[in-house]
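The values are calculated or read from the model by the stated rules, or taken from the named source; none is laboratory data. Computed from a predicted model, the values in this text were never measured in an experiment. Heads up, the Cβs are rebuilt from the backbone with ideal geometry, glycines too, and the neighbour counts pull from every protein chain shown.
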Amino acid sequence: MKVFGIDIIKGSVRSRTRRPVYALCRVEDGEILGVEEVTGFRLQRLLAAEQPDILAVDSLQEIAADQHELYAFLQALPPSTKLVQVTGGEKKESLGKVAARYNISFNKFDPYAEARTTARVASLGAGVEVIAFENTTDIVVSRHRSPGRGGWSQNRYARKIHGGVMQKAREIEARLRGAGLDYEKKETKAFGGFSRVAFRVIAPRDMVPVHSSRGADVQVRVTGRQLDRIRFEPLSSRPRYLIVGLDPGTTTGIAAVDLDGNLVLLSSSRQMTMSDIVEELYRAGKPLIVASDVQQMPYSVEKIRRAFNAIPYTPKQSLSVEAKYDLTAPFSYTNDHERDALSAALDAYRSLQNKFRNIAKRVGPGFDLDEVRARVLRGQPLDTVLADLQGVPAAKKEAEPAVPAPERPVEDERVMALDGMVKRLRSYVQELQEDLRERDREVERLRQGLRRARSATERKVRRDAELATKDATIESLREQLRGERRRSRRLKKRLERMQTVAKIEVSEDYTPLKVLDSLTREGVRSLQEGIGIAEGDVLYVPQAHGWGRGVVKDLAETGVRALVVDGEPPDPHLVRVAREAGLPLLPADTVRPDIRGRTGAAKTGAVEEAIGEWEEEQKEFRREQEAERVEYLFKEYRSEREKEVRRGG
């Protein structure tokens, strides 16, 4: 297997002036062939010429600035070359962590060392393959040149090009049929053949026996159909080994760390059966060790351990709460069950740390440390494991005495082993059946309790519903009562004010005044609701600001006798509108009102005298209006006569 590993030395794919320069390392069958410096264009040429199995990078940002460029880069790769990101897909990790799994160390500041490391870990199965295309390929056969407008031989020239497109399309169709591939074809007819033929092949690009090409008259373009989103698939299908901690009970806590102590899984649930636990652990990886936080492993934890044939671990004495807090301090958890499960897994990992360090010292670079540690923990000698992983038989020990071959046939040994397995499985089935019966009894007890609780709850719900309805009715009546009380208080105050006005009206020496807050519709509405406005009332306005023509006319139509205005002299426009409406407008200096709250009074003689003066002035205003009207009519008549005279002349 040939692997290319690259790392940027200088430049960037995002720069237009400083294009990237890469350190390229070639690895073939695990052997490093060399490292060289190449440009991006040179890298594309080498990929097309040598067609390696894998192009390994530690970050996709080194080859493409965005997703569009990444699609273009993948499209330009040879069909048989995989793009592998060795640091992972959606959840990335550093290149140093990935290299440590294979006991490889390197200088992080040397691009050539990073390229060598990237190529080596990719050849050992690390990383994920970047997949950007569907299992469908588009092949387009079209003209490489335009027929143009031409001259005498134009028809012959167009027929030659279109015939070449048709001939090339038939050759490609024959290849697809020979490879047994399903496809769809769409042809665009033209003079003498076809101007364009498109094939949609139901197969990935590397299985299609056609490549992009360009000729004098015809060009062929082979492209994969893009996925909506980049997908990552692990290069190695082998699951990672886990150290699992379990805390059984009403709420089951599950924790799993890898063989380097990194947290992989932490969860808890009240509704998790044994099959659910097994399924969740299976999705996370392959449990190598199953641990408990108590000295005697619980029966339910033992059953899960048997399901994975994992190595058991229990502490010498049950872990105290303080020890659990110390172990789980660097991690976050949501409840005590997750804490107990995580402390069991971390305690098992801590007990194996020294052994893992010794193994790492004795193992050379290039071996999968997880696989080596897992086999050693299961009892295999380290030399045997290393020889097996290298594909070389382990050297025989000279001092070891020869063991005589068993006399019984191999088949008998296999039968005995299978018999032992059957016995273990039968006992395990019996345990599961007993557990199932116990669960059925527990379910029946819970159902009976649920029925009793449900009937009691239904009675309580009905009673609560009736009480809630009555409470709502009472609250509604209380709200109505509060509203009526507020209305009664308002009416009482209004009655008191009206009685005050009535007392003043009885007196012949004083005329009652009703206070109008402002000469606006809102002020009139407020006075109407508070005391009321009747025909013959005299109103008092503290300020005439914000007056409106409509308000003055409305008061005049209501039959208000007069309007007393206090403050500065009223606006001449207001005086004119009041005279046109026939509403007396009296200055407060003349009337001298005595105001108390919403009501007041003024001497009747002063009011009558002010109204008399207003009426005298009103007569003069009417005469002036009549004179203006007559003068206007006279001017109109004279204007019309002048027009008639001019027309007659």
Practice item. Would you check if residue 171 is in contact with a Leu (Cβ under 8 Å, 6 or more places away or on another chain) and among the acidic types (Asp, Glu)? Key: no
Point to revise | Residue count for the range 12-27, restricted to those that are under 19 Å from residue 114 (Cα atoms) and surrounded by fewer than 16 Cβ atoms within 10 Å (Cβ to Cβ) | key: 1
Practice item. Quick one: residue 465 ticks every box in (1) over 27 Å from residue 303 (Cβ atoms); (2) at pLDDT below 85; (3) not aromatic (Phe, Trp, Tyr) except a single one, so which number is it? Key: (2)
**Study point:** Qualifying residues in the range 184-202 (those that are crowded, with 18+ Cβ neighbours inside 10 Å and not hydroxyl-bearing (Ser, Thr, Tyr)) - the one farthest from the chain's Cα centre (by Cα)
**Key:** 192
Practice item. Please verify whether the range 41-56 includes one or more residues that are touching a residue at least 12 places away in the same chain (Cβ under 8 Å), surrounded by 15 or more Cβ atoms within 10 Å (Cβ to Cβ) and farther than 24 Å from residue 226 by Cβ. Key: yes
**Study point:** Looking only at the range 93-126, and only at residues there that are polar (S, T, N, Q) and surrounded by fewer than 22 Cβ atoms within 10 Å (Cβ to Cβ), the one that is nearest to the chain's Cα centre (by Cα)
**Key:** 94
Review point. Only one residue in 195, 236 is touching a residue at least 40 places away in the same chain (Cβ under 8 Å), among the polar types (S, T, N, Q), closer than 30 Å to residue 284 by Cα and not assigned by TED's automatic domain parsing to the domain that holds residue 342. Which one?
Key: 236
Review point. Does residue 633 count as at pLDDT 80 or above, closer than 30 Å to residue 525 by Cα and not small (Gly, Ala, Ser)?
Key: no
Review point. If you scan the range 203-233, which residues turn out to be of a type in the set (A, V, I, L, M), farther than 30 Å from residue 284 by Cα and surrounded by fewer than 16 Cβ atoms within 10 Å (Cβ to Cβ)?
Key: 207, 216
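Does residue 156 fit the bill of being of a type in the set (D, E, K, R), buried (at least 17 other Cβ atoms within 10 Å of the Cβ) and not in a loop (DSSP other than H, G, I, E, B)?
No.
Determine whether the range 122-132 contains at least one residue that is without any contact (Cβ under 8 Å) to a residue 12 or more places away in the chain and over 30 Å from residue 187 (Cβ atoms).
No: zero hits.
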Revision key, fill the gap. Quick count over the range 250-283, residues being in contact with a strand residue (DSSP E or B) (Cβ under 6 Å, 6 or more places away or on another chain), crowded, with 18+ Cβ neighbours inside 10 Å and free of Cβ contacts under 8 Å to residues at least 60 places away in the same chain, is 2
Review point. If you check every pair at least six apart or on different chains, which have Cβ atoms under 6 Å apart with a residue in the range 313-334 that is within 23 Å of residue 298 (Cα to Cα) first and a residue that is of a type in the set (Lys, Arg) second?
Key: 324/339; 328/339; 333/339
Check your understanding: From 103, 107, which residue is assigned to a loop (DSSP other than H, G, I, E, B) and without any contact (Cβ under 8 Å) to a residue 60 or more places away in the chain?
Key -> 107
Check your understanding: Of (1) under 16 Å from residue 248 (Cβ atoms); (2) crowded, with 20+ Cβ neighbours inside 10 Å, residue 327 satisfies all except one. Which?
Key -> (1)
Point to revise | Residue in the range 68-80 that is surrounded by the fewest Cβ atoms within 10 Å (Cβ to Cβ), counting only those that are closer than 18 Å to residue 207 by Cβ and touching a residue at least 40 places away in the same chain (Cβ under 8 Å) | key: 80
Check your understanding: Quick one: residue 189 ticks every box in (1) charged (D, E, K, R); (2) within 27 Å of residue 68 (Cα to Cα); (3) outside any helix (DSSP H, G or I) bar one, so which box is it?
Key -> (2)
Revision key, fill the gap. Across (1) touching a Lys or Arg at 6+ places or on another chain (Cβ under 6 Å); (2) of a type in the set (A, V, I, L, M); (3) surrounded by fewer than 20 Cβ atoms within 10 Å (Cβ to Cβ), residue 290 clears everything bar (3)
